[in-house]
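Read the structure below first, then the notes.
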Amino acid sequence: MSKYQAYPEYKDSEVKWLGNLPNSWYESSLKYLLSSVIAGGTPDSSNEIYWTESGNGTPWVSIADITKNTLITSTNKDVTNLGMLAKNLKLLPKGTILYSIFASLGKIAVANKPLVTNQAILGLTPNKKVNNSFLCFWLSQLESHLSLFSTSNTQDNLNAEKVGNLPVFVPSLNEQTQIAAFLDHETAKIDTLIEKQQQLIELLKEKRQAVISHAVTKGLNPDAQMKDSGVEWLGEVPEHWVVAQLKFNTELMQTGPFGSQLHAEDYVENGTPLINPAHMVNGKIIPDPQISVDEETRERLSRHQLNSGDIIFARRGELGRCAVVQENEVGWLCGTGSLKATLNSKLLSEYAYLLITSDGVVAELSLESKGSTMDNLNTETLGKIRTPVPPIKEQQEILEYVETVSGKYKLLVENAEAATKIMQERRTALISAAVTGKIDVRNWVAPTTSSDTNEAQQEVTA
C-alpha cells in the first residue's frame, strides 16, 4: 500500500482490530444506514407446487448461490407464487444487498433482479446516508471479525438484531462514493488477473491429462508400428500391445458388504476404516475415523479387506473414481459403496489407475453402467472394459515418464495458484485499507491508459 498516501490526521477508533481512523469519520450502527431489513424463508421442500426450475419462477437464493456469485441473476431453484405466499416471502428489489447470517457468515452478494432468499440470508436496503457499493465493501472486510458479534452453542450465527448493531465507520457521502469508485476500479483489475490465472490453471491441468492419456494409450515411441485396437475411444495402439477386457487381467473383483452384512450400528470411531467413494480424493484414500468398525466386525468382513496394489472403485456417482491401495492401507475394508479389484502380474496397478481415470474409459464406463437415475458400477461392467496392456517393462517406463511430466505441470499449477493467492490477498488488503481510512483516495482519478492492467499485475506480484 506504499504507493498510497495516508490521511493528514487520525483519531483512536477505540476498536482493537480497527486501530486509528481519519478525524472526520464517525461511528454508526448498520441499522441507522438501512431503510429495510428483510428475512427470507424456505417453503416445504416436499410440496412440488412451491418450486419450479430455474428461470420459471422467482429466484430463491441460498448460501451456495452467494458464495458462487457476487451478482445474483439466477439460482439453481426458483420458487412459485404459491411458495412465496406459503412462507410470506417478500420480493427483494434489484440492488438489495444479500447478507448471510448462518454457516458461512458475512458473505455478500447483490440482487441483480427481483428475488427472494432463504432464512440464512437477510436482504439489506441502504438508505440515503450511505453509498451501496461502499457499504458492500465495508461489510466484506468485516467478515473476518464477525465472531466478535455472533453467538451460538454449536456454530456462529447472526440475526437481524445483531446485524443491525454491526459497526460501520462512515466518511462523508462524497468520500464514500470516491472510495467505492476507487475499489470498483482496482478490484476489477485484480479480478481480471485472477480469472486469467484460473484459466491458466485449468489449461495446465487439461494439458497434463492429455499428455498422460497419450502416453498410456499410444506409448512413448512415436515411430512404433500401430494397429487398430478395435475400441472406438482408443483408436490405434502400438502393434505389440495387447488389448484385453479388464477381467482378463484381474485375479479378483468384489463389491463391498451390503444388506445385512453391515449396519449403521456397526460403525465405531477410530476403528478399521471402511472406504467408500467419499474417501477417494484425487487418487488418494482419505479415511473418515467415524466410518470404521471394531475388530470383531473387521474379522467378520475379512473377505472385503484391502491389499497392497488393489484398486478400489466408487460404485455410484462419479464413474472412474478410484485409488490404488498403499502399504499403510492394507487391512482396511472395502465399503458398501465401493468395489475392489486385485490385478494379475500383467498389469501394474498405477498404470491401470491412469487408464481407468482417462476420459475414454470413463466415457465407456458411463455407457455400460447400470442405473436409470445414477450411474452404477458393478464387477460385470468393470470387467468388460477394454484397455491396452503394454509389456510390463514398457508400463514402468511410461509411469516414470508420467511422473516426470506430472511433476513439471504440478509445479506450474502450484506457481499459478500461489500467484492467485497473492492477488486475492492484495484485493482483501486493498479493500480493508480503503474502507477503514488507512489510505487516502480522495484525490484518486481513474487511469485511462492501456497500461492499467500491467500496473495491476506489477502491484499484486510485487
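If I filter the range 171-178 for residues that are within 29 Å of Ala103 (Cβ to Cβ) and not aromatic (Phe, Trp, Tyr), do I get at least one hit?
Initially, the range 171-178 is screened for residues within 29 Å of Ala103 (Cβ to Cβ), giving none.
For the range 171-178, residues within 29 Å of Ala103 (Cβ to Cβ) and not aromatic (Phe, Trp, Tyr): absent.
Listed by position, the strands (runs of 3 or more DSSP E) enclosed by the range 321-432 include none that has at least 3 residues that are free of Cβ contacts under 8 Å to residues at least 12 places away in the same chain. Pairs are defined by a Cβ separation below 9 Å, a sequence spacing of at least 6 or placement on different chains, a first member in the range 286-304 that is touching a residue at least 40 places away in the same chain (Cβ under 8 Å) and at negative phi, and a second member that is aromatic (Phe, Trp, Tyr) and buried (at least 19 other Cβ atoms within 10 Å of the Cβ); the pairs so defined are Pro287/Trp332.
I need the full set of residues from the range 264-285 which are without any contact (Cβ under 8 Å) to a residue 60 or more places away in the chain, part of a strand (DSSP E or B) and more than 26 Å from the chain's Cα centre (by Cα), in order please. Within the range 264-285, Tyr267, Val268 meet the criteria.
Only one residue in Leu234, Leu200, Leu246 is touching a residue at least 12 places away in the same chain (Cβ under 8 Å) and within 30 Å of the chain's Cα centre (by Cα). Which one?
On the way: Leu234 fails: within 30 Å of the chain's Cα centre (by Cα); Leu246 fails: within 30 Å of the chain's Cα centre (by Cα).
None of the other options fit; the residue is Leu200.
When Lys77 is tested against the conditions (1) at pLDDT below 95; (2) of a type outside the set (Val, Ile, Thr); (3) surrounded by 15 or more Cβ atoms within 10 Å (Cβ to Cβ); (4) under 25 Å from Leu148 (Cα atoms), the lone failure is (4). Would the range 447-461 turn up any residue that is within 29 Å of the chain's Cα centre (by Cα), β-branched (Val, Ile, Thr) and at pLDDT 90 or above? No: the range 447-461 contains no residue that is within 29 Å of the chain's Cα centre (by Cα), β-branched (Val, Ile, Thr) and at pLDDT 90 or above.
Suppose the filter is open to solvent by 70 Å² or more (accessible area, probe 1.4 Å) and modelled with pLDDT of 95 or more; does Leu412 pass it? Yes, satisfied. With respect to (1) open to solvent by 20 Å² or more (accessible area, probe 1.4 Å); (2) within 22 Å of the chain's Cα centre (by Cα), the lone exception for Lys218 is condition (2).
Only one entry of Thr217, Thr125, Thr187, Thr192 meets the criterion of being hydroxyl-bearing (Ser, Thr, Tyr) and assigned to a strand (DSSP E or B), and that entry is Thr125. Just one residue in the set Lys393, Lys421 is over 20 Å from Ala215 (Cα atoms), out of contact with any Asp or Glu (no Cβ under 8 Å at 6 or more places or on another chain) and open to solvent by 40 Å² or more (accessible area, probe 1.4 Å); that residue is Lys421.
The values are calculated or read from the model by the stated rules, or taken from the named source; none is laboratory data. All figures in this text were calculated on a predicted structure; none of them were measured in a lab. Cβ atoms come from the backbone with ideal geometry, glycine included; neighbour counts cover every protein chain shown. Heavy atoms of the whole protein, side chains included, go into the accessibility calculation; ligands, DNA and RNA do not. Shrake-Rupley method; radii C 1.70, N 1.55, O 1.52, S 1.80 Å.
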